[in-house]
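Asker: Encoded as structure tokens, here's the structure I'll be asking about.
The values are calculated or read from the model by the stated rules, or taken from the named source; none is laboratory data. Everything numeric in this text was worked out from a predicted model, so none of it was measured. Reconstructed Cβ throughout: ideal geometry from the backbone, glycine too, with neighbour counts over all protein chains shown.
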Amino acid sequence: MKKIIIGTRGSDLALWQANYTKELLEDKGCVVEIKIIQTSGDRTQEWNTSFDKLEGKGFFTKELEEALLKKEIDLAVHSHKDVPTENPEGLIIAGVSKRGNPSELLLIKKTSVDSDKQFSLKKGAVVGTSSARRKSQLLAFRPDVEVKDLRGNVPTRVKKLKEGDLDAILIAVAGPERLELDLSEFHEEVLDPKVFVPAPAQGVLAWQIREDDDELFSKFDDITDIDVQTQARIERGVLNLMDGGCQLPLGVYVDTEFDHEDRPVFHTYVSIAKKWDEQPVQLYIATGNSEDLAERIVNHYTNLKPQKVFISKDLREQDYLPRALGKLKFDVLGKSLIEFKEIKIRLLPVTEWIFFSSKHAVKYFMGQKPAIGKVKFGCIGSSTSAELRSYGHRAEFIGQGTDTKLIGKQFASKVGSSKVLFPIAKDSMRTVQWQMPKSDNAIDLNVYFTVKHSIEIDDTYNILVFTSPSNVEAFFEKNKPKPHQKIVAMGDATELSLKKLKMKEITKPGSFDDLGLVQAILGRSI
């Protein structure tokens, strides 16, 4: 086979990507040369101009594609997230790489860190980013921060953080990881892609060739990651249907798991807004059918309508759920149908770990100021973790998702034979405790109990959200859901309580926090 000429941009990161591809092809016996080509995006890097103010698409790909068509190069290596969803005539994507870390990195000056705040970022911080998607999500979660446009390659942006008046910058994790940058003078906050949703195909390389180059096309059969190819197809399918480029505040992330029968389940997280300064619509969809998934997501977004929502918990003005849904014109009533009462701690067992299943357990345990000594903490969900941080402690284990049994198994694997204290509500389920290898190592401590306060709820609410089995019991003492009312249940135990009452078509959030509830509510809002 003739020598393969790879075309690439000249930045350090682009050259890393080209050399990574070169090594893969050389391992297959190919002879490869790298040729540097400057793009429109490179020529505008010095501007502090936001992507959403630039017209058109393909800022970092156009010149590479032209070189391919002129046969000046044989292969263009792109960050897949930069590639327009429609190939120019005569070009195709021959394959994709394994996925690097798709997460976002919030790089914070150590003087601007506040571990009590979401993302460990101090109140009123100034954050540099030119991405409409990053602005949209950051301001949704942290409306107190200020965003400033910031351009440049990764080292340039890090330098601007070091030398300028910014408190933090938002960049993709994969960049500094691949360049092996020394970031030790900063605090690195890696943002969960299931919370802060990355760009479609972020962390993936796309290999573009001429459509008629069959010989080169065959070389990518062995080095293309098929699972990543499917994920990228879904993510970029949404981008294509929304007709979006850099200007669109769109994040899509697909995480593939395999069920007990080894069938793929596509967990898809979406954040989308019309403009960067508007509240994004956040969706979570889990399905085994990927064929028309992008179409279903866009159809759902297009047909979404504000609803009247009842949720069985008291809401605070600063909570994410009422703020997010309020900005989306939803009418939300938050009212707990139960009251919590403290149980005094008489004797505090000595253990190596303390595990909290809810923020109420944290409150009624930590609120009594127990002499806990040196101990490690575990918990379920970001809300519980945040409550623990408010008392000056950080969890070393945070179980994510709503499968409490699985979280219990993961926690048991981490702690091994260590003794664990479980501050709990009286008569609560012991799902996590049952997963411990030795029952004697799981020590329960009742720190609160519940009292029901049943009231009648107006049946004009379209969506009913139940946050606990006790709230289900209290609701059904004076109410019964009508056929038009859709039901959301927080967790397996709450779902089971509803099923015992003959309720069907129950939606469960993907996580035990306000974001999970917002996603579930929006998922039932058409």
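Asker: Look through region 76-89, keep the residues that are crowded, with 22+ Cβ neighbours inside 10 Å and either hydroxyl-bearing (Ser, Thr, Tyr) or assigned to a strand (DSSP E or B) (or both), and return whichever of them is farthest from the chain's Cα centre (by Cα).
Answerer: Here the answer is ALA76.
Asker: Looking only at region 265-292, how many residues end up being within 13 Å of the chain's Cα centre (by Cα) and either of a type in the set (Phe, Trp, Tyr) or closer than 19 Å to LYS508 by Cβ (or both)?
Answerer: 8
Asker: Would it be correct to say that LEU183 is in contact with a Lys or Arg (Cβ under 9 Å, 6 or more places away or on another chain) and either of a type in the set (Ser, Thr, Tyr) or under 16 Å from GLY128 (Cβ atoms) (or both)? Please lay out each step first, then the result.
Answerer: Working: in contact with a Lys or Arg (Cβ under 9 Å, 6 or more places away or on another chain): no; either of a type in the set (Ser, Thr, Tyr) or under 16 Å from GLY128 (Cβ atoms) (or both): yes.
The answer is no for LEU183.
Asker: Among the candidates PHE217, PHE186, PHE196, which residue alone is more than 19 Å from ALA14 (Cβ to Cβ), at pLDDT 95 or above, among the hydrophobic types (A, V, I, L, M, F, W, C) and over 23 Å from the mean Cα position of the chain (by Cα)?
Answerer: Working: PHE186 fails: over 23 Å from the mean Cα position of the chain (by Cα); PHE196 fails: over 23 Å from the mean Cα position of the chain (by Cα).
Testing whether each residue is more than 19 Å from ALA14 (Cβ to Cβ), at pLDDT 95 or above, among the hydrophobic types (A, V, I, L, M, F, W, C) and over 23 Å from the mean Cα position of the chain (by Cα) leaves just PHE217.
Asker: I'm checking my understanding of the structure. Among residues of region 128-163 that are among the β-branched types (Val, Ile, Thr) and under 19 Å from GLN202 (Cα atoms), which one is nearest to the chain's Cα centre (by Cα)?
Answerer: Looking only at region 128-163, we keep the residues that are among the β-branched types (Val, Ile, Thr), and these are 129, 145, 147, 154, 156, 158.
Now restrict to residues that are under 19 Å from GLN202 (Cα atoms): 129, 154.
Details: THR129: 18, VAL154: 22 Å.
For region 128-163, the residue satisfying everything is THR129.
Asker: Looking at this structure, is LEU166 under 20 Å from the mean Cα position of the chain (by Cα) and either modelled with pLDDT of 95 or more or of a type in the set (Val, Ile, Thr) (or both)? Spell out the reasoning first.
Answerer: Numbers: under 20 Å from the mean Cα position of the chain (by Cα): no; either modelled with pLDDT of 95 or more or of a type in the set (Val, Ile, Thr) (or both): yes.
No, not satisfied.
Asker: How many of the residues in region 200-235 are in contact with a Cys (Cβ under 9 Å, 6 or more places away or on another chain) and not in a helix (DSSP H, G or I)?
Answerer: 0
Asker: Take the conditions of a type in the set (A, V, I, L, M) and buried (at least 19 other Cβ atoms within 10 Å of the Cβ) and apply them to VAL451. Does it pass? Full working, then the answer.
Answerer: On the way: of a type in the set (A, V, I, L, M): yes; buried (at least 19 other Cβ atoms within 10 Å of the Cβ): no.
No, not satisfied.
Asker: Just to verify a result, which residue in region 360-393, among those that are at pLDDT 95 or above and among the basic types (Lys, Arg), is surrounded by the most Cβ atoms within 10 Å (Cβ to Cβ)?
Answerer: This residue is LYS363.
Asker: Here is a follow-up. Filter region 240-260 down to the residues that are part of a loop (DSSP other than H, G, I, E, B) and either of a type in the set (S, T, N, Q) or more than 20 Å from THR402 (Cα to Cα) (or both) and list them by number. Talk me through it step by step, then tell me what you get.
Answerer: Pass one, region 240-260, residues part of a loop (DSSP other than H, G, I, E, B): 242-249, 259-260.
Matches in region 240-260: MET242, ASP243, GLY244, GLY245, CYS246, GLN247, LEU248, PRO249.
Asker: Considering ILE372, ILE343, which residue is aliphatic (A, V, I, L, M), under 12 Å from ILE424 (Cα atoms) and more than 32 Å from the chain's Cα centre (by Cα)? Break it down stepwise before answering.
Answerer: Working: ILE372 fails: under 12 Å from ILE424 (Cα atoms).
When all the criteria are applied, what remains is ILE343.
Asker: Then there's this: Being out of contact with any helix residue (DSSP H, G or I) (no Cβ under 7 Å at 6 or more places or on another chain) and either farther than 27 Å from LYS2 by Cβ or modelled with pLDDT of 95 or more (or both): is that true of SER115 here? Before the answer, list the steps.
Answerer: Details: out of contact with any helix residue (DSSP H, G or I) (no Cβ under 7 Å at 6 or more places or on another chain): no; either farther than 27 Å from LYS2 by Cβ or modelled with pLDDT of 95 or more (or both): yes.
Spelling it out, it is not the case that SER115 is out of contact with any helix residue (DSSP H, G or I) (no Cβ under 7 Å at 6 or more places or on another chain) and either farther than 27 Å from LYS2 by Cβ or modelled with pLDDT of 95 or more (or both).
Asker: Which residues, taken from region 501-518, are in contact (Cβ under 8 Å) with a residue 12 or more places away in the chain and of a type outside the set (A, V, I, L, M, F, W, C)?
Answerer: Within region 501-518, the first condition is being in contact (Cβ under 8 Å) with a residue 12 or more places away in the chain, and the residues that meet it are 501, 503, 505-518.
Once the filter is applied, which keeps residues that are in contact (Cβ under 8 Å) with a residue 12 or more places away in the chain and of a type outside the set (A, V, I, L, M, F, W, C), region 501-518 yields GLU505, THR507, LYS508, PRO509, GLY510, SER511, ASP513, ASP514, GLY516.
Asker: Sticking with this one: Of the conditions (1) in a loop (DSSP other than H, G, I, E, B); (2) buried (at least 16 other Cβ atoms within 10 Å of the Cβ), PHE422 fails just one. Which one is it?
Answerer: Against the list (1) in a loop (DSSP other than H, G, I, E, B); (2) buried (at least 16 other Cβ atoms within 10 Å of the Cβ), PHE422 comes up short only on (1).
Asker: So which of LEU293, LEU333, LEU337, LEU304 ends up being at pLDDT 95 or above, in contact with a Phe, Trp or Tyr (Cβ under 8 Å, 6 or more places away or on another chain) and either of a type in the set (S, T, N, Q) or closer than 30 Å to ASP227 by Cβ (or both)?
Answerer: Numbers: LEU333 fails: either of a type in the set (S, T, N, Q) or closer than 30 Å to ASP227 by Cβ (or both); LEU337 fails: either of a type in the set (S, T, N, Q) or closer than 30 Å to ASP227 by Cβ (or both); LEU304 fails: in contact with a Phe, Trp or Tyr (Cβ under 8 Å, 6 or more places away or on another chain).
Going through LEU293, LEU333, LEU337, LEU304 in turn, just one is at pLDDT 95 or above, in contact with a Phe, Trp or Tyr (Cβ under 8 Å, 6 or more places away or on another chain) and either of a type in the set (S, T, N, Q) or closer than 30 Å to ASP227 by Cβ (or both): LEU293.
Asker: Conditions first: (1) buried (at least 18 other Cβ atoms within 10 Å of the Cβ); (2) farther than 28 Å from SER417 by Cα; (3) of a type in the set (A, V, I, L, M, F, W, C); (4) touching a strand residue (DSSP E or B) at 6+ places or on another chain (Cβ under 6 Å). ALA324 passes all but one, so which condition is the exception?
Answerer: Here ALA324 clears every test but (4).
Asker: Please find, within region 41-69, the residue that is surrounded by the most Cβ atoms within 10 Å (Cβ to Cβ) out of those that are outside any loop (DSSP other than H, G, I, E, B) and at pLDDT 65 or above.
Answerer: Only one residue tops the list, namely LEU64.
Asker: Here is a further query. Among ILE92, ILE108, which is the only one that is farther than 12 Å from GLY7 by Cβ, surrounded by fewer than 19 Cβ atoms within 10 Å (Cβ to Cβ) and of a type in the set (A, V, I, L, M)? Steps first, please.
Answerer: Values: ILE108 fails: surrounded by fewer than 19 Cβ atoms within 10 Å (Cβ to Cβ).
Of ILE92, ILE108, the one residue that is farther than 12 Å from GLY7 by Cβ, surrounded by fewer than 19 Cβ atoms within 10 Å (Cβ to Cβ) and of a type in the set (A, V, I, L, M) is ILE92.
Asker: With the condition kept exactly as written, say whether any residue in region 394-410 is at pLDDT 95 or above, surrounded by fewer than 17 Cβ atoms within 10 Å (Cβ to Cβ) and more than 22 Å from ASP192 (Cβ to Cβ).
Answerer: Among the residues of region 394-410, not one is at pLDDT 95 or above, surrounded by fewer than 17 Cβ atoms within 10 Å (Cβ to Cβ) and more than 22 Å from ASP192 (Cβ to Cβ), which makes the answer no.
Asker: Can you confirm whether region 482-496 contains a residue that is within 24 Å of TYR320 (Cβ to Cβ), in contact (Cβ under 8 Å) with a residue 60 or more places away in the chain and surrounded by fewer than 22 Cβ atoms within 10 Å (Cβ to Cβ)?
Answerer: yes
Asker: Filter region 134-154 down to the residues that are part of a helix (DSSP H, G or I) and touching a helix residue (DSSP H, G or I) at 6+ places or on another chain (Cβ under 9 Å), then identify the one that is farthest from SER383 (Cα to Cα).
Answerer: First, the residues of region 134-154 that are part of a helix (DSSP H, G or I): 134-141, 154.
In the following step, the residues that additionally are touching a helix residue (DSSP H, G or I) at 6+ places or on another chain (Cβ under 9 Å) were identified as 135, 138, 140-141, 154.
Values: LYS135: 23, LEU138: 18, ALA140: 17, PHE141: 13, VAL154: 32 Å.
Taking the candidates together, the pick is VAL154.
Asker: Which residue pairs have Cβ atoms closer than 6 Å, lie 6 or more positions apart in sequence or on different chains, and pair a first residue in region 15-33 that is part of a loop (DSSP other than H, G, I, E, B) with a second residue that is modelled with pLDDT of 95 or more and β-branched (Val, Ile, Thr)?
Answerer: Qualifying pairs under 6 Å: CYS30/ILE4.
Asker: With PHE310, PHE266 as the choices, which residue is buried (at least 20 other Cβ atoms within 10 Å of the Cβ) and farther than 17 Å from ASP243 by Cβ? Give the derivation first.
Answerer: Details: PHE266 fails: buried (at least 20 other Cβ atoms within 10 Å of the Cβ).
Residue meeting the stated conditions: PHE310.
Asker: Next question. Select from region 1-21 the residues that are modelled with pLDDT of 95 or more and either surrounded by fewer than 20 Cβ atoms within 10 Å (Cβ to Cβ) or among the aromatic types (Phe, Trp, Tyr) (or both) and list them in ascending order.
Answerer: Listed by number, the residues that qualify are LYS3, ILE5, LEU15, TRP16, ASN19, TYR20.
Asker: Also, I was wondering about something else. Return the residues of region 426-448 that are exposed (fewer than 15 other Cβ atoms within 10 Å of the Cβ) and of a type in the set (S, T, N, Q); say none if nothing qualifies.
Answerer: SER439
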